[in-house]
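Here's the structure we're looking at; comments come further down.
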Amino acid sequence: MHKIIIAIDGHSACGKSSTAKVVAKKLGYMYIDSGAMYRATTYYFLQNDIALSNHDQVGEALESIDIQFKIDASGNSQVLLNGTFAEEFIRTMEVNQHVSEVSAVSSVRRAMVSQQRQIGAEKGVVMDGRDIGTVVFPDAELKVFMTASLKVRAERRQKELMEKGIAEELSVISFNLMSRDKADSSRADSPLVQADDAIVVDTTHLTFNDQVDKIVKLAEQIIYDR
Ligand code: CDP
């Protein structure tokens, strides 16, 4: 059975990460949340007052950042920033508000993309993000472009934040999603665009299980050459 790379790109909060995680589990693949890498970098930059306009400072900061993924006791892939589990620090509104700006910096992207390619070298990987099918793995065997209406995405993100004990108004969340989509789609380096050969999955009216099943089926067709 040959292993493939599954690239899932799309707009903010359309369910990429949660879907990719379960797809990976069902296929016995590794799940890599590339957004978590940009978020961890953003968190580090905020903590250390890194000025994005200062190339030397950004370069030094990138040298001091070590991002790893480890499987936790429940079998989920978790991001570690310099050896510390970072999930709880990287999903805050503060990181949400700065991550697109940090992700637009070319040296940041080069560092992340190089690590993402190393992780995916052996295949058997599901990676989600904005440029996975276009830049990181342009030869990925399966490319999915996920999207959903802004309203549904904002409601889902609000619920997700609520479950983490963070109460945030829908209008604030919607505005952040819109701003990030705009920034991510219009940046000069690796903008969020749909790859020509990506399959679009609009999750507005899909249940979570439906969207997982859809992608698993697409993957199995390729893996087993059906
Ligand atoms: O989960 P959500 O859709 O809110 O975002 P994410 O996947 O965690 O990504 C956070 C941010 O990181 C995005 O808004 C992009 O600015 C950036 N990102 C990127 O530039 N390239 C990627 N491959 C993944 C994320």
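Structure above, values below:
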{"quantity": "DSSP-assigned coil residues among GluC sites (Glu not before Pro) in region 145-218, each with at most 14 further Cβ atoms within 10 Å", "calculated": "169"}
{"quantity": "The chain: most fluctuating residue of 28, 75, 124 per GNM, C-alpha cutoff 10 Å", "calculated": "75"}
{"quantity": "Placed amide H near residue 31: partners under 5 Å, 5+ positions off or other chain", "calculated": "126"}
{"quantity": "DSSP-defined beta bridges in the chain - what % are antiparallel, rounded to 5", "calculated": "30"}
{"quantity": "Carbon and sulfur %, accessible surface of region 142-223 computed with the full protein complex present, 1.4 Å", "calculated": "56"}
{"quantity": "Interchain or long-range residues, amide H under 5 Å from residue 199's placed H", "calculated": "143, 144, 145"}
{"quantity": "Overall dimensions of the chain as given by Cα atoms, namely Rg and Dmax in Å", "calculated": "16.8, 52"}
{"quantity": "Cα centroid of region 94-169 to Cα centroid of region 184-226, whole Å", "calculated": "13"}
{"quantity": "For residue 166, solvent-accessible area (1.4 Å; no DNA, RNA or ligand), Å²", "calculated": "60"}
{"quantity": "Per residue value of the accessible surface for region 30-123 (all protein chains in place, 1.4 Å probe), Å²", "calculated": "50"}
{"quantity": "Karplus-derived HN-Hα couplings along region 122-132 (A = 6.51, B = -1.76, C = 1.60, θ = phi - 60°), whole Hz, x at Gly and Pro", "calculated": "8, 6, x, 10, 10, 10, 10, x, 10, 10, 5"}
{"quantity": "MRE, 222 nm, helices only [DSSP H, n ≥ 4, -39500 (n - 2.57), over the chain, to nearest 500]", "calculated": "-15500 deg cm²/dmol"}
{"quantity": "Heavy-atom accessible surface of region 30-123: percent carbon and sulfur, 1.4 Å", "calculated": "46"}
{"quantity": "log10 of Debye I(q)/I(0), alpha-carbon scatterers only, for region 30-123 at 0.13 Å⁻¹", "calculated": "-0.42"}
{"quantity": "Cleavage-rule hits, trypsin sites (Lys or Arg not before Pro), region 158-214, DSSP coil, Cβ neighbours within 10 Å at most 14", "calculated": "164"}
{"quantity": "Around residue 51: net Lys/Arg minus Asp/Glu count, Cβ-Cβ under 14 Å", "calculated": "-4"}
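The values are calculated or read from the model by the stated rules, or taken from the named source; none is laboratory data. Just so it is clear, the model here is predicted, and its values are computed rather than measured. Heads up, the Cβs are rebuilt from the backbone with ideal geometry, glycines too, and the neighbour counts pull from every protein chain shown. In case anyone asks, the SASA skips ligands and DNA or RNA and just uses the protein heavy atoms, side chains included. Shrake-Rupley method; radii C 1.70, N 1.55, O 1.52, S 1.80 Å.
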